[in-house]
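Take a look at the structure below.
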Amino acid sequence: MARARLLRAVALSASISLFSGTVESFQKPPDVEAILTHLDDLYRSKSSTSRMEIRVVSRRTTRTLRLKAWSRGEEEVLVVIEEPAREAGTATLRVGDNLWNYLPRIARTIRVPPAMMLGSWMGTDFTNDDLVKESSLHKDFVSRVERRSEDPEGWWLTLEVKPEVVGRWAKIEFLVSDDWLPIEERHFDRKGRLARTMRFDEVKTLGGRRLPARLVLTPTDVEGQSTELRYLEIDFDVPIADDTFSLSRLEQTR
Amino acid sequence: MVAGSTLRIAWRNLWRNRRRTSLAVAAIGLSVALVLAYYSLLRAYADWVLATLTGPMLGHVQVHAPEWRKDRAMDRTIEDVASILDALRRDPEVASATVRVYAPALAALGEEGFAVIVMGVDWEAESRPGRLLAGAPTPRSRGRVLMGRALAEMMGVREGDEIALVGQGADGSLANDLVQVQGLIETPVDFVNRQGIVLEIGEAQTLFAMPDEAHEVVVHARDPDAVELLASKLAGLPNLAGTEVLDWQTLAPEMVSLIEIIEVAGVFALVLIFVAASAGVANTMLMATFERTHEFGMLLALGAAPGCIVRMILAESVALGLTGAALGGTLGLLFVAVTHETGLDFAALTGGGPTELSFAGLSWSMRFYPSLAAGDVGRTILAVLVTSLIASIWPAFRAARLEPARALRD
């Protein structure tokens, strides 16, 4: 009896996969190169200003930060904490590979040493490295379409780092929707372990572009921990004063 | 059992051949003295390993939040440490208990940041002899810190400089402050010298938003040999429910073998003494009985029971062994008495090698302090006694089985 049911179930699932196979064959695999170029430039532009909210969930507390950010090209970023009041004015400046933190309470600017690049940025699950790295999906990885995803609909791409590239991730699995927006990104470290997962949602129009406004980063090794970043507003290609990305300006952020 | 007269006669018999007996006593005495000296050095070594390991850093028992040892995350803290310390210090087996905070941070003199570990410690407890900050200056006012000398050299920091500390509080908030470097320290613990900035525990708790919390409780036991028991007892304290209480052997298993090797070495020494004493005693007693065949024949002919002869020879041999043991014991104890206080400078003994060596992230002074326990001396004397008896059994029974008539003819 049980055996018969099992056999039926197997037959049924086989026919389903056959059926879905035929559907897939009609769905043309996407142009990976074009998607990656699109993803690389999704949040980038010649210049931008944005406001965002970061919620850090830890075992102990949930902390919410409000930030304002300026960027120009791929090399210059300034992020200033606006809330909570206790940390307001705390700022991070990136120019090229260098990262500085400005701490208004002690009125000091400190350059983050290379040894701390993988350390937490402002107590979030983002690393300092995440702010600095210019890793380009398009340039640094060899990519291929892995398989079709049904729910949510899209394509799983597998990106493997090129042998000559020195970086944190050996492999990235990327789920991209049919309208070329990121849904999920899984980062595997150099030892092949899943290190963290990023999920993108709340797609809406920001700064004239349709993009996910929310990103949830979940590190694999720390249970109960995650960081959620939500863009409140973004303006692309706006004029930004030349001295925005300078140390002297950094110290006047408050 | 052995009458006083038997002992007296045995003693007299022993010294009938002064030279032979003196030589035997000297041989036994020397080997006992060497074994005792060897034991005292083993003990010095064991104490040295234990003190270097557990003194400044590890302690005998440590308490952490579960998992802290795995990732050393800031937020894995022990709460209510004041009441925990109270409870621990009430235990009569606990010599001292102190708490620490460990916070990874960025330190900067100017603009360059350096990765450091900020340690919050109890100045008073950590400044005692043999502890982490023994001999270091202890800052008395707020905002003063001590800095590892190697770290200071790397950062270009000098005494009196003001540095910025930036880290993350236990609640994830930003922790930052300016502190003044009161002194540069050279501790026995490498990582403190290379990465450590030491802050008073209360200030560390404030800076890192963890009032009445800590990452580590370090307990030193009154009896370092009963640590396992103490750890399991402390783990049962209601204040320590939900924490991880471990003895140093569990915390540093790779170090346990450094001490366990001593037991093997001790057995080796005992074998040595068996060989030396039995050779000395057996030879002496064999010679003595061969020489006195005529005498034993006479005694037996006069009606002495064979048991009486056996007892006398055994008594002679025990007297010989114990005399040697007494001499050796005196020499051995003298050696320990001379070296115990000042210690043996191993560097000088080996011709001016380094006075310290670095191993397992700790610096190990090359000075040893020999010591002996009553058990060591007792065990050695017992070994001599047993060996003397065993070695004289054959000569004794040989003498007892003599036929008086034939023995008298010899």
How many residues of the range A:179-195 are open to solvent by less than 70 Å² (accessible area, probe 1.4 Å) and outside any strand (DSSP E or B)? The answer is 2
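For the range B:208-235, give me the residue count where each residue is under 24 Å from A:ARG63 (Cα atoms) and without any contact (Cβ under 8 Å) to a residue 60 or more places away in the chain. Steps first, answer last, please.
First pass over the range B:208-235, keeping only residues under 24 Å from A:ARG63 (Cα atoms): B:208-215.
Subsequent filtering for residues that are without any contact (Cβ under 8 Å) to a residue 60 or more places away in the chain retains B:209, B:211.
Number satisfying all stated conditions: 2.
Looking at the range B:161-179, can you tell me whether even one residue there is away from chain A (no Cβ under 14 Å) and on the phi < 0 side of the Ramachandran plot? Steps first, answer last, please.
We begin by selecting, within the range B:161-179, every residue away from chain A (no Cβ under 14 Å); these are none.
No.
Per-residue answers, yes or no, for (1) farther than 21 Å from B:THR52 by Cα; (2) touching a residue at least 24 places away in the same chain (Cβ under 8 Å):
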position: B:ILE78; (1), (2): yes, yes
position: B:GLU111; (1), (2): yes, no
position: B:MET119; (1), (2): no, yes
position: B:ALA125; (1), (2): no, yes
State whether the residues of the range A:236-245 include one that is modelled with pLDDT under 85, under 25 Å from A:GLY96 (Cβ atoms) and of a type in the set (D, E, K, R). yes
Residue under evaluation A:GLY154, criteria (1) without any contact (Cβ under 8 Å) to a residue 24 or more places away in the chain; (2) small (Gly, Ala, Ser); (3) crowded, with 16+ Cβ neighbours inside 10 Å, criterion not met: (1)
Which condition number does B:GLU67 fail, the rest of (1) crowded, with 17+ Cβ neighbours inside 10 Å; (2) within 14 Å of chain A (Cβ to nearest Cβ) being met? (1)
Residue hits (the range A:208-237; farther than 30 Å from A:ARG108 by Cβ and not in a strand (DSSP E or B)) are A:GLY208, A:THR220, A:ASP221, A:GLU223, A:GLY224, A:ASP237
Over the range B:144-170, the set of residues of a type in the set (Asp, Glu) and touching a Lys or Arg at 6+ places or on another chain (Cβ under 6 Å) is none
Whichever residue in the range A:216-236 is exposed (fewer than 14 other Cβ atoms within 10 Å of the Cβ) and on the phi < 0 side of the Ramachandran plot and, among such residues, is nearest to the other protein chains (Cβ to nearest Cβ): A:ASP221
So in the range A:241-254, with the set limited to residues that are open to solvent by less than 30 Å² (accessible area, probe 1.4 Å) and of a type in the set (A, V, I, L, M, F, W, C), which one is farthest from A:ARG63 (Cα to Cα)? A:PHE245
Return the residues of the range B:170-191 that are open to solvent by less than 20 Å² (accessible area, probe 1.4 Å) and either polar (S, T, N, Q) or out of contact with any helix residue (DSSP H, G or I) (no Cβ under 8 Å at 6 or more places or on another chain) (or both); say none if nothing qualifies. B:ALA170, B:GLY172, B:SER173, B:ASN176, B:VAL179, B:GLY183, B:THR187
Selected residue [touching a residue at least 60 places away in the same chain (Cβ under 8 Å), assigned to a loop (DSSP other than H, G, I, E, B) and away from chain A (no Cβ under 14 Å)] from B:ARG158, B:ARG131: B:ARG131
Under the condition of being open to solvent by 10 Å² or more (accessible area, probe 1.4 Å) and away from chain B (no Cβ under 11 Å), which residue from the range A:56-68 is modelled with the highest pLDDT? A:ARG66
Apart from one, (1) more than 39 Å from the chain's Cα centre (by Cα); (2) within 13 Å of chain A (Cβ to nearest Cβ) all hold for B:GLN195; the odd one out is (1)
Which condition number does B:ALA107 fail, the rest of (1) over 32 Å from the mean Cα position of the chain (by Cα); (2) open to solvent by 20 Å² or more (accessible area, probe 1.4 Å) being met? (2)
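For the range A:132-147, how many residues are modelled with pLDDT of 75 or more and of a type in the set (A, V, I, L, M, F, W, C)?
We begin by selecting, within the range A:132-147, every residue modelled with pLDDT of 75 or more; these are A:139-147.
Then keep just the ones that are of a type in the set (A, V, I, L, M, F, W, C); that gives A:141-142, A:145.
Residues meeting the conditions: 3.
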B:PRO137 vs (1) open to solvent by 50 Å² or more (accessible area, probe 1.4 Å); (2) over 35 Å from the mean Cα position of the chain (by Cα): all pass except (2)
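Where in the range B:1-102 are there helices (runs of 4 or more DSSP H), lying wholly inside it, with at least 1 residues that are in contact with a Gly (Cβ under 8 Å, 6 or more places away or on another chain), modelled with pLDDT under 90 and assigned by TED's automatic domain parsing to the domain that holds B:GLY332? Spell out the reasoning first.
On the way: elements: B:4-14, B:18-53, B:68-71, B:81-90.
Once the helices (runs of 4 or more DSSP H) in the range B:1-102 are filtered for at least 1 residues that are in contact with a Gly (Cβ under 8 Å, 6 or more places away or on another chain), modelled with pLDDT under 90 and assigned by TED's automatic domain parsing to the domain that holds B:GLY332, what remains is B:18-53.
The values are calculated or read from the model by the stated rules, or taken from the named source; none is laboratory data. Just so we're clear, the structure is a prediction, and the values are computed from it rather than from any experiment. Note that each Cβ is placed from the backbone with ideal geometry, even for glycine, and that neighbours are counted across all protein chains shown. All accessible areas refer to the heavy atoms of the entire protein, side chains included, with ligands and DNA or RNA removed. Shrake-Rupley method; radii C 1.70, N 1.55, O 1.52, S 1.80 Å.
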